[in-house]
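What follows is a single structure, written as structure tokens, with notes after it.
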Amino acid sequence: MPKDATRAPETLLDIRNLSVDFRTPRGRVKALRDISFPIRRNRIVGIVGESGSGKSTVLWALLGLLAKNAEVTSGEVLFEDRDLLHASEAQLRATRGEEISVVFQDPMTSQIPVLTYGTQMRDILYRRPGLPTAEKRRMAVEMLGKVGIPDPDKRIDQYPHHFSGGMRQRAGIAMALLTGPQLLLADEPTTALDVTMEAQIIHLLQDLQKELDATVVVVSHNLGLIAELCDDVVVMYAGEVIEAGEVREIFHNAQHPYTRALLECDPARIDDVSRKLPVIPGDIPDLTKARSGCIYAPRCQRALPVCRDTFPPDVARGEMSLARCHLLAGPHHDPSWPPPLDVMTVGTGEAGARKPARVKRDDPLLDVSDLNVQFETVGPLRARLKGIRTRHVDAVLDVSLSIAPGETVGLVGESGSGKTTLGRTVLNLVPAQSGSVRFEGQEIRNMPEARFKPMRRDMAMMFQDPVGSLSPRKSVRALITEPFQIHGITGIDLDDEAERLAEMVRLPKAFLSRYPHELSGGQARRVGVARALALNPKLLIADEPTAGLDVSVQGEILNLMADLQAEHGLGYLIITHNLPVVRHIADRLAIMYLGRIVEEGRTDEVFARPVHPYTQALVEGVPQPDPDRRRAHVSISGEVPSLLNRPKGCDFAGRCPFAQDLCRAQKPPHVTMADGRQHACHFPLGH
Amino acid sequence: MLYYLTKRLGLSAAVIGLVVLVLFSLLHLIPGDPATIALGPRATPEAIARYAEKMHLDEPVWRQFLIYIGNALTGDLGLDVFSNRPVTAIIMERIGFTLALVCAGMGWAMLLGIPLGCLAAVKPGSWLDRVTGVLSVGTIAVPSFLVSIWALLIFAVQLRWLPAIGAGEPGQLGDQLSHLVLPAFAIGLSWVGYLARMVRASMLEVMGENYIRSARAFGLHPQRVIFGYALRVAILPTITLIGMGFGGMISSTVFAEIIFARPGIGKLIFDAVMARNFPIVQGAVLVATGLYILVVLFSDILIAWFDPRVRESL
């Protein structure tokens, strides 16, 4: 990356020596320190980093929309010879939305719910007073059509809540591109979306970029998305750019130990399904403290004494490639670094021994059969008034599933598939209409709470949001001993129990007196595990156990869960939409679609040879963290239909590339194949 | 929407029925025979009997209740004990004064309170925000009857800018308006504070939402962001508050109308209670309840008009 004053003509945006501080009660957080990189015209540039890396701060800084407690302490951002950091508010406003536009992370909250898309898009065109309103509307309709919204002329008059998540994000892209900006910023554009939607949005962005000759900056923590979409990549860690380069250089020949470790930690890259996942030990450093030397040194496996007190050099490789590390140049240059790609540079904590395949099948711990859960959608009076016949939707339809002690079952599905409802029904938190739920042979479906309460000790739940599910007013000690109090268990020393549990989940004792907001995501997750395991349950239901965790720490939680399982013989039901993760931890997989299990079988077999077209679409839908394995086409189009109008035949028929007349007419029954796999498909793949 | 209106109107009818029941039971629970009260201690037994028959007082209580409901539905709320005039007519004469007072009081509170809260929220910590904060607490804390008396003393007695008592000459709009100023100021003052605080709090919350950041990232003009986007969402809880505030204000009119000697429902109820003139009390409270229910219904419909999500869930 050239740092001289002259700018290459292909540079659209040049960020130079940008530093941003946040004033907080704990002191000044130096969120960005001396960031420099150019963004080349007509390229898709990915900024990748974990939480706290400052990747979003870069984005907001160049829009001039940083939080009020932020302060730009130095630097310039040159956009076509204008310095955006020193532009007036009016100049910035003229640039925003016109020349630089944004696609936001969460389309559910970033579009105002009380205005139609027509109004929102007309507002964006407000700087064209000469343009008649009808013409603005025509432009908006055309753009909505271009991003793939069917029937845009009608849908433009709808409100955001009429759109599904994927459609909202398409509309968000249409809004951003309406004015024909030169630079499009995308902040985690697919993080809030399902796998099949994610693939569609990635391809839409790629196609539009080519068509409109725009320059795109994508901020993401998702290595698969970056590899699939981007031309250039900037890797950030703790407020610094530690490596930059073209996408193939980064993914195939990473120079910085952090980049290398990050890639190794991504479960999607690891083909060897060992029980242990690699992790980068430690946490991101405290950015309020002054630092010396390399910012990554405390966590680096290759750290030398010099790394801790001498600032590492920026070692340039090509025109815009660099990596910031002592190993690459200077007196500490190590010619053997980086090692070949098949050598792991990060450890897994312990030897990665896979748990032996279980031969004898125990009696199942949990046995669910033909379970049906319905939700009432309209009241009886309203149904009568409006002539609605079916007042219920099937959230869970004919589900059968069993979990043996010591077994991990992954329950996979997109949002709205009923996987969380199923988990809650098993815990008797949602009433079921028919079927049976047996726990250790005893029927527990719709058991009265008074009788069920003692059994709750044996069944624990780990909730999705690690911090949000902890009371902010209780200390960690109180939180992890709360289960004892809920169940009125006396005669134990709560302090001893707290220490035992903290040790079990490898949480330092000092953390017992902290409060949830003082914990990092991974630490809060450990507290969640400790709470769930406090009463020695036999079954643990984990709802998205890695949601909100960085790649480098999610391995720690999964390894911890695997250790505890090996030690205590726990049965796990893992509810998730994250296929790469579940592939590493689950013995068996159940794929849910619209409340039905469409395929069930051993994880390795399901991944190797999916039988149901939906499973295949999910497996192929995960973007691969390898730029050479980009997909040429989107394997699945359309969206999950609403439960309110469930298709008559196979639920998946409307989106299935292999659907035939039979599929649209008749619901396929559950079939068990010779090898024990189950599926619900009229025309199973490969048969 | 139709379903919603049906449901709401049904609920409103139930509330009004309950109010009538309570009012009716009160009459029968307090000591004393209504006929004796109405006719005075020196009435002859014949007169009392005649009165009791005319008023259906000899019927069982439940029949009396049904008769009252039936009459009320046809607009007949009974006769004033003293003047023998229909209660409905007496209320109708005065209701306009009360409605004008309540609308004027809430109106000026809204015109001042909502923009103040809005501006305070846009620049939290600015001098305007601080002044608004102090003023809000001040106006909420001071009881409105004290404000009424002080306003009367200062502007009517000392400065002689505005008339002190009455509602003005009938037919002269200017005179009637000048008589409205002081009472409306008195009952609206604390609402300036309430509304400013409420709007400020919900504006602060909405200004932190992602969609406001989106609007700013698309380069929208700050005025459009604040009034077209943020306020449109932030006003929703305030509408509910204003709707309920109307109900509260109908009761504040009691002292305002007494202190400023204005005709109106509040003063009517007060006088009727003092004179044990129960048909008037019953009728006036019923009308006030009906008004309150109507305003709350209206504010709910207004929210539905502002918020498509609410509209469609109706």
Amide H of A:ARG596 versus every other amide H placed in the peptide plane: which residues, excluding those fewer than 5 positions away on the same chain, fall under 5 Å?
A:LEU397
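List B:ARG224, A:ARG677 from most exposed to least, where exposure is judged by having the fewest other Cβ atoms within 10 Å. Intermediate values should be presented prior to the final figure.
On the way: B:ARG224 13, A:ARG677 20.
So the residues, fewest neighbours to most, are B:ARG224, A:ARG677.
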Please report how far the C-alpha centroid of segment A:507-572 lies from that of segment A:222-268, rounded to the nearest whole angstrom.
27 Å
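Checking the a/c ratio against 1.5 first, then a/b against b/c, what shape does the Cα gyration tensor give for segment A:189-312? Walk me through the intermediate numbers first.
On the way: a/c = 2.24, a/b = 1.61, b/c = 1.39.
Prolate is the answer for segment A:189-312, as a/c is 1.5 or above and a/b outweighs b/c.
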Once label points are set 7 Å from the Cα along Cα→Cβ at both A:PHE484 and A:SER74, what is their separation, rounded to one decimal in nm?
5.3 nm
So what is the relative contact order of segment B:95-266, in percent, for Cα pairs below 8 Å that sit 6 or more residues apart?
36 percent
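Run through the DSSP bridge list for the protein assembly as shown and note the antiparallel percent, rounded to the nearest 5. Walk me through the numbers before you get to the answer.
On the way: 57 of 94 bridges.
About 60 percent, rounded to the nearest 5.
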Output for segment A:249-324: trypsin sites (Lys or Arg not before Pro) sitting in coil per DSSP, at most 10 other Cβ within 10 Å, listed by number, reads A:LYS289
Using amide H atoms built 1.01 Å from N in the peptide plane, name the residues 5+ places from A:LEU365, or on other chains, whose amide H lies under 5 Å from its own.
A:ILE403, A:ALA404
In whole Å, what is the distance between the alpha-carbon centres of segment A:592-660 and segment A:467-488?
39 Å
Distance from a point 7 Å along Cα→Cβ of B:VAL131 to each backbone N in segment B:87-115: keep the residues under 19 Å and list them by number.
B:109-115
Only helices counted: for chain A, with every DSSP H run of 4 or more residues adding -39500 (n - 2.57) and the sum spread over all residues, [θ] at 222 nm is -8500 deg cm²/dmol
What does the charge count near A:LEU183 come to, summing +1 for each Lys or Arg and -1 for each Asp or Glu among other residues with Cβ under 10 Å from its Cβ?
-1
Mind sorting A:GLU567, B:GLU93, A:GLU600 by how few other Cβ atoms lie within 10 Å of their own Cβ, fewest first?
A:GLU567, B:GLU93, A:GLU600
Two-site FRET efficiency, A:ALA566 against A:ARG630, from Cβ-Cβ distance with R₀ of 41 Å, rounded to 0.05
0.60
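Can you bin chain B into rounded, prolate or oblate? Criterion: square roots of the alpha carbon gyration tensor eigenvalues sorted a ≥ b ≥ c, rounded for a/c under 1.5, prolate for a/b above b/c, oblate for the rest.
Values: a/c = 3.10, a/b = 1.67, b/c = 1.85.
Oblate shape, in that a/c is at least 1.5 and b/c is the bigger or equal ratio.
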Could you pull out which residues in segment A:102-127 have an amide N less than 19 Å from a spot 7 Å beyond the Cα of A:SER88, following the Cα-Cβ vector?
A:127
Hey, with R₀ at 41 Å, roughly what FRET efficiency would B:ASN71 and A:ILE388 work out to, going by the Cβ-Cβ distance, to 0.05?
0.55
At A:ARG473 and B:LEU302, where each label point lies 7 Å from the Cα along Cα→Cβ, what is the point-to-point distance in nanometres?
3.5 nm
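Using a/c under 1.5 as the rounded threshold, could you call chain A rounded, prolate or oblate? The axes a ≥ b ≥ c are square roots of the C-alpha gyration tensor eigenvalues, and prolate needs a/b larger than b/c, oblate otherwise. Numbers along the way, then the final one.
Details: a/c = 1.69, a/b = 1.21, b/c = 1.40.
Oblate, since a/c reaches 1.5 and b/c is not below a/b.
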Spin-label point model (7 Å from Cα, Cβ direction): what's the B:ALA43 to B:MET274 distance in nm?
2.3 nm
Could you calculate the FRET efficiency of B:ILE30 with B:MET244 from 1/(1 + (r/R0)^6), where r is the beta carbon distance between them and R0 is 51 Å, rounded to 0.05?
0.95
By Cβ neighbour count within 10 Å, fewest first, A:SER471, A:SER51, A:SER101 rank A:SER471, A:SER51, A:SER101
Suppose the chain between A:PHE311 and A:LEU65 were pulled fully straight at 0.36 nm per residue; how much longer would it get relative to their current alpha carbon spacing?
85.5 nm
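With a cut-off of at most 14 other beta carbons within 10 Å, and DSSP calling the residue loop, which GluC sites (Glu not before Pro) in segment A:1-97 qualify? Please list them. Walk me through the numbers on the way to the answer.
Details: sites: A:GLU10, A:GLU50, A:GLU71, A:GLU76, A:GLU80, A:GLU89; in loops: A:GLU10, A:GLU50, A:GLU80.
Hits after loop and neighbour filter: A:GLU10, A:GLU80.
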Using Cα centres only, tell me the gap between segment B:85-99 and segment A:39-59 in whole Å.
70 Å
Under a GNM of chain B (C-alpha, springs under 10 Å), which listed residue has the highest mean-square fluctuation: B:THR36, B:THR132, B:THR253?
B:THR36
Among the listed pairs A:LYS30/A:LYS68; A:LYS30/A:LYS55; B:LYS54/B:LYS267; A:LYS276/A:LYS509; A:LYS154/A:LYS648; A:LYS276/A:LYS419, which are separated by more than 20 Å between their Cα atoms?
B:LYS54/B:LYS267; A:LYS276/A:LYS509; A:LYS154/A:LYS648; A:LYS276/A:LYS419
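The numbers here are math on the coordinates, done by the rules we state, and not lab data. From a predicted model like this one, the values you see are computed outputs, not experimental measurements. FYI the Cβ positions are ideal-geometry reconstructions off the backbone, even for glycines, and counts take in every protein chain you see.
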